[in-house]
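Here's the structure, in structure tokens; my notes come after.
The values are calculated or read from the model by the stated rules, or taken from the named source; none is laboratory data. Since this is a predicted model, take the numbers as computed values, not measurements. Neighbour counts run over all protein chains shown; Cβ positions are idealised from the backbone, glycine included.
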Amino acid sequence: MLTRRRFSIGAVLALLSRPAKAAEWIAFDTLYKSFGVRGFEFSDRIVALKGQEVTLTGYMAPPLRAESTFFVLTREPLAICPFCQSDADWPVDIVVIHLKAETPLVSAGAKIAVSGRLEVGSSTDPDSGFVSQIRIVDASYRRV
Amino acid sequence: MKTWTALGVCLLGLVATGAQAQTIYPLTRAEILAGSKFDFKVEFPGAPAQGAVKITINGQDPASVLGQSAKFVEKEDGGDHSAYWIRGAQIAKPGAYTVEASLGDKKATVQWEVFGTPERKAKNVVLFIGDGLSVAHRTAARMLSKGITEGRYNGELAMDDMPHMALVSTSGTDAIVTDSANAMSAYTTGHKSCVNALGVYCAKNKSTLDHPKVETIGELAKRRNGGMAVGVVTNSEIEDATPAGMVAHTRRRADYNDIVKMFHDVKPDVIMGGGSPNFLAKSTPGSKRTDDEDYIKKFEADGYKFVSTKQEMQAAAQAGSSKVLGLFNTSNIDGALDLKILKKGTVSKFPDQPDLVEQTKVALDVLSKNQNGFVLMVESARIDKYSHSLDSERAIYDTIMLDNAIKVAKDFAAKKEDTLIIVVGDHAHGVSIVGTYDDETPGNQLRDKLGIYADSKFPNYPAPNAEGYPEKVDVSRRLAMLFTAYPDYCETGRPYMNGENVPTVKAADGKTYVANEEYCKEPLAARRTGNLPLESNSGVHTADDLVLTAMGPGSEQFKARMENTRVFRVMATALGLGAGQ
Ligand SMILES: [Zn+2]
């Protein structure tokens, strides 16, 4: 608890002390501060980084469409899910990625680092109806 | 193959051959509880007009037999078929019914048996489902929780110590191997359907919610016998197939958000499991809904006490709540091995989850307040999930937990002997106890360590604790409960001490699965080339029959081999849910 708090204050100070140029590294472990049955709470650092450039590593989920600007980033490679047929089966802490440019999504299953602008709060994708809480937009990615 | 086709045609009573014939729902040989509600549908290929078709039930107009008016839909959903519908049909009079549907020279015929129920024998029914519970799970649970000496068990499982037993067959209308949706639907409606379907026949409808419905025992209990109480208790997500089977009507079990609404429509008095995200409005972080409905608030507005921890759950029962909604995890509730011994899984995130035994106690407390009796379904869900993930030990510990919950119900029933208790799986898994792995056996391959026949020495788990669980699972001589069907994976021959096994990961093509290399690094790990299709990520269900055990009023009906739909019939008969009361 203490560590996380010090870390988040540190991050805010860093943001205040210089213009945010280099992307801040964020991690799946610190997106939320609590995972309750009645809902989650975003971590203070994630709220503070809203609108800033961030980088997050995770696994590219198999894309909903082959050529797309839109995919889901997950903490672990997607594995057991015998009847995965709907977004209801996604893990709850996914991050939705909107790429700057349409790219063939060839890295499904691979560990990647995504950089882009952080969006926080519930949003429904107008095309797919996909609901997300955390997004990285105008993004690009590389394999790690 | 040919023989079966010929038999199928014969059963349908087809006069003409060649093109696909009309399909009548409910399908032939359906057993329909007198007075239960169902949707009657006939699909005519080639999209004929209404004037071209003729339908009769025992020679009469269907609308007069079924008590509701008919609707004809030409080119239903824009498809190449027309549909004749009578929704919400009911037949009060038991007997044989012959349905004929003609289009030109093509006639299809099906036979239904409408069964009534004699005088009510049981006040309550408790249906225990071990999801995927197969014979090896029972055997292994008995070995670990009761012990075995010189070939004799040192005690009986609560589920074994019951006077009546049957073999139950689980195939569906579409395939020999089925899933938990269709399997549960057979128990809760008495109708067989197809994989992924809950409370519906699988017709040609485009919307998953439009298929022909059949009434569930949850719905029947609520509107019969003066209004019985209904309980749905699981350690999976509450929207998952088995619990959903008590209330749901959808062609697609993954319709979690619709299933939450169906729970709210039927309003079982006790609803307990995991899977809270589908109850939260989409504006709430952590929600999986796509609308702004807050179902926790809706249930609370309808008089439910909402609880999210064991302590809250037990307090609700003590406070005398008559309706309880318990959601204890955002996903599945942790299994017994993680919850009680290893503290892995999501135990740190959700430190006060109840186990199935505590849930069952509270459910019986709350439901038994209803003077009209109750129907309670209790599912140990992760026996199946851990068998999919080839995690034998976790599956065995959850079978022991199921047995402890059964013990609670037996103690409850012993007071009045007016409760029918049924214990059964919903489908089998390919699991078998092949012998024991012994670390002391010389050799540098995993297979060297596997003792078979005379070398399958008794395992050395410590004596079980008061709850029947051995507190050490990674012992030097342990059960080798192996899986008959698997994807590519690495077998370690050991329990997974850091969390549930994840045998495969998705391949780069996004479609197929490959071994999870994490386990391949372990000492003695053996790389297994899968025998399943490459798209499989885990172990699979099998078509093997299940062992059912039962006790209490009405349980004498369980004997010999039975279709899974007969479980519904025995419950409905014991409770006298048929028409004419
Ligand atoms: Zn399963």
Condition check for B:Lys407: part of a loop (DSSP other than H, G, I, E, B) and either assigned by TED's automatic domain parsing to the domain that holds B:Gly151 or under 19 Å from the mean Cα position of the chain (by Cα) (or both): no
Residue match in segment B:200-213 (condition: over 16 Å from B:His541 (Cβ atoms), among the aliphatic types (A, V, I, L, M), over 12 Å from the mean Cα position of the chain (by Cα) and surrounded by fewer than 24 Cβ atoms within 10 Å (Cβ to Cβ)): yes
Sole residue being among the charged types (D, E, K, R), within 14 Å of chain A (Cβ to nearest Cβ) and over 30 Å from B:Tyr386 (Cα atoms), chosen from B:Glu219, B:Glu237, B:Glu293: B:Glu293
Segment B:274-286, residues that are facing chain A (nearest Cβ under 7 Å) and part of a loop (DSSP other than H, G, I, E, B): B:Leu280, B:Lys282, B:Ser283, B:Thr284, B:Pro285, B:Gly286
Selection count where residues are crowded, with 22+ Cβ neighbours inside 10 Å and either over 21 Å from the mean Cα position of the chain (by Cα) or of a type in the set (Ser, Thr, Tyr) (or both), scope segment B:118-139: 3
In segment B:358-396, residue surrounded by the fewest Cβ atoms within 10 Å (Cβ to Cβ) [restricted to those that are closer than 23 Å to B:Tyr496 by Cβ and away from the ligand (no atom under 16 Å from the Cβ)]: B:Glu393
Any pair with Cβ under 8 angstrom, 6 or more apart, that starts in segment B:512-523 at a residue that is more than 14 Å from chain A (Cβ to nearest Cβ) and without any contact (Cβ under 8 Å) to a residue 60 or more places away in the chain and ends at one that is among the basic types (Lys, Arg) and assigned to a loop (DSSP other than H, G, I, E, B): B:Glu522/B:Arg494
Hits in segment B:397-433 (condition: within 15 Å of the ligand (Cβ to nearest atom) and acidic (Asp, Glu)): B:Asp398, B:Asp426
Number of the exception - B:Asp161 against (1) surrounded by fewer than 24 Cβ atoms within 10 Å (Cβ to Cβ); (2) within 16 Å of the ligand (Cβ to nearest atom); (3) more than 19 Å from B:Ser387 (Cβ to Cβ): (2)
Matching residues in segment A:107-131 - criterion: being part of a strand (DSSP E or B) and either without any contact (Cβ under 8 Å) to a residue 12 or more places away in the chain or surrounded by fewer than 21 Cβ atoms within 10 Å (Cβ to Cβ) (or both): A:Lys111, A:Ile112, A:Ala113, A:Ser115, A:Arg117, A:Glu119, A:Val120, A:Gly121, A:Ser122, A:Ser123, A:Thr124, A:Val131
Test set (1) in contact with a Phe, Trp or Tyr (Cβ under 7 Å, 6 or more places away or on another chain); (2) surrounded by fewer than 20 Cβ atoms within 10 Å (Cβ to Cβ); (3) of a type outside the set (Asp, Glu); (4) within 13 Å of chain A (Cβ to nearest Cβ) - B:Phe299 fails condition number: (2)
